[in-house]
Amino acid sequence: RLQESRERLSVCSKLCYAVGGAPYQITGCALGFFLQIYLLDVAQVDAFYASIILFAGRVWDAITDPMVGFFISKTSWTRFGRLMPWILFSTPFAIISYFLIWFVPDISTGRVMWYLVFYCAFQTLVTCFHVPYSALTMFISREQSERDSATAYRMTVEVLGTVLGAAIQGQIVGIADAPCIESPFFGLTNSSVAMVELNVTHDTKSLTDTRNAYMIAAGVIGGLYVLCALILLLGVREKRESSELQSDEPVSFFQGLKLVMSHGPYIKLIAGFLFTSLAFMLLEGNFALFCTYTLGFRNEFQNILLAIMLSATLTIPFWQWFLTRFGKKTAVYVGISSAIPFLMTVAVVDISLFVTYVVAVAAGISVAAAFLLPWSMLPDVIDDFKLQHPSSHSHEAIFFSFYVFFTKFTAGVSLGISTLSLDFAGYQTRACFQPGQVKFTLKMLVSAVPVGLILLSLLLFKLYPIDEEKRRKNKKALQDLR
């Protein structure tokens, strides 16, 4: 009891730790929900090249996670810790590259390369922030209950970060949204073609205003990024002893990687969340286009998105209570499967705006579970690994970085394929209406495909071996080993 009292974290420490998760989610939400429609309709990049940018950026983002994990494992401890210096030095460069993603250069031939370079640069730099931040969970306390509590604080703030990302980006951009073009591609006479060209000329100023709005939103989000990083750096102390056992001996990165990737509970956990993340990434990446063209709510999608994120934020404490009361595996089954009926409703029913908001609020409950559970369950897997390999240490970054690697890699593949599918279906840039094939493709990408992926993930979670009884035994064994 005395040891647990010493390991107890203050509310202030938990809040400062939690705030550090906001930058990744704020920028990730803005990019996830808006980058696709920005490239297609604002930067006016061809759908095929937009798919290449999105795919390459996500895949590069995935590759950088284990690379950063490797370099972190080789980093020496300093007076500020081993993880904090990464967070400090990556922040200013990440802000610059993020802003340049939302800038439309006055070039035509090199525009695709511009977005590809700065998108990949930002993903690298934000990885240098997020991988050490994720691994920091294991260095703030040795107590499972304290880590779980800090994770709940973190998930609440991170979902709030997605709300801020959606609100800032959506509301600022929504005010200056450029008008669509009335289908200039079917059966037009010469006079109507001339009228369309005249309308496009008049729309140039509106398009410029929209581009400026994206840059203003990027500036606001960049400021929040810096503020949250400072709160984390000043308010959290990295504890070296929190992750060390009495018998620790150095093990190389590649030996550690081999051990980590052969640990059964870890493989089963990331396999389950792989498909869950893939489902929600598909929904996230195509949501703006779906609301705009399939549901016809062009001027409402940012508000619908805000409803989802607010609902998710408010229900994080409920899921923390639920997993404490009924166990994490039960929370996985109940929380993630709750999204299925609402996704099916979107697929098979022509819904009104009011019903869309109701569905959005209900779907946010499942989004909260998908946010909280992976990060709450990963520390349990690491504890289980330490019991089986007590002489191997400093592999926390490997666990977290490779989990993120697999989810990001598949998300990159899915997002690239979904954008390419829209190109094959005949997507028209800035058109007020899209062909029927585009609407059908969007409906499949945000309903039928995610439902199938969620069902597959639930089957995989049946194989995950760490239940509540196993967690209690691991906790007692770790205390004895220390």
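The values are calculated or read from the model by the stated rules, or taken from the named source; none is laboratory data. Quick caveat: nothing in here was measured; it's all calculated off a predicted structure. Here Cβ is always computed from backbone atoms with ideal geometry, including for glycine, and neighbour counts include all displayed protein chains. Ligands, DNA and RNA are excluded from the accessible area calculation, which covers all protein heavy atoms including side chains. Shrake-Rupley method; radii C 1.70, N 1.55, O 1.52, S 1.80 Å.
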Restricting to Cα pairs below 8 Å that are 6+ residues apart, what does the relative contact order work out to for the chain? Please round to a whole percent. 29
Leaving out ligands and nucleic acids, note down the accessible area per residue over the chain with a 1.4 angstrom probe, in whole Å². 41
Karplus couplings for the stretch 115-122 from phi (6.51 cos²θ - 1.76 cosθ + 1.60, θ = phi - 60°), rounded to Hz, Gly and Pro as x? 5, 5, 5, 6, 5, 5, 5, 5
Tell me which of 481, 306, 267 sits at the most positive position along the dipole axis of the stretch 253-481, charges placed on C-beta atoms (Lys, Arg +1; Asp, Glu -1). 481
Evaluate Rg over Rh across the stretch 332-448, taking Cα atoms for both radii and Kirkwood's formula for Rh. 1.12
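Grab the Cα-Cα distance for residue 11 and residue 448, subtract it from 0.36 nm times how many residues apart they are, and report the gain in nm with one decimal. Provide the component values of the computation, followed by the final result.
Details: separation 437, 0.36 × 437 = 157.32 nm, distance 4.18 nm.
Taking residue 11 through residue 448 to full extension adds about 153.1 nm, to one decimal.
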Please label the shape of the stretch 1-92 as rounded, prolate or oblate, based on the square roots a ≥ b ≥ c of the eigenvalues of the alpha-carbon gyration tensor (a/c under 1.5 means rounded; beyond that, a/b larger than b/c means prolate, else oblate). prolate
Any residue on another chain or 5+ positions along whose placed amide H is under 5 Å from the amide H of residue 431 is listed here as 181
Whenever you get a sec, compute what percent of the accessible area on the chain sits on carbon and sulfur atoms (1.4 Å probe). 67
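When the Kirkwood radius is taken over all Cα pairs of the stretch 253-481, what Stokes-Einstein diffusion coefficient follows at 37 °C and 0.692 mPa s, in µm²/s?
Working: Rh = 19.1 Å.
Rounded to a whole number, D works out at 172 µm²/s.
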For the stretch 322-339, what does the Karplus curve 6.51 cos²θ - 1.76 cosθ + 1.60, with θ = phi - 60°, yield as ³J(HN,Hα) per residue in whole Hz, taken in order and with x for Gly and Pro? 5, 5, 5, 7, 10, x, 6, 5, 5, 4, 4, 4, 6, x, 6, 5, 5, 6
Applied in sequence order to the stretch 356-365, the curve 6.51 cos²θ - 1.76 cosθ + 1.60 (Karplus, θ = phi - 60°) yields integer Hz couplings, x standing for Gly and Pro, of 4, 5, 4, 4, 4, 5, 5, 5, x, 4
Could you give the size of the charge dipole of the chain about its Cα centre, using +1 on the Cβ of each K and R and -1 on the Cβ of each D and E, expressed in debye and rounded to the nearest 20? 1340
About the Cα centre, and with charges only on the beta carbon of Lys, Arg (+1) and Asp, Glu (-1), how big is the dipole of the stretch 253-481? Nearest 20 debye, please. 320
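Could you sort the peptides 8-18, 304-314, 84-94 by per-residue average Cβ neighbour count (10 Å cutoff), highest mean leading?
Numbers: 8-18: 17.1, 304-314: 22.5, 84-94: 18.8.
So the order, starting with the most tightly packed, is 304-314, 84-94, 8-18.
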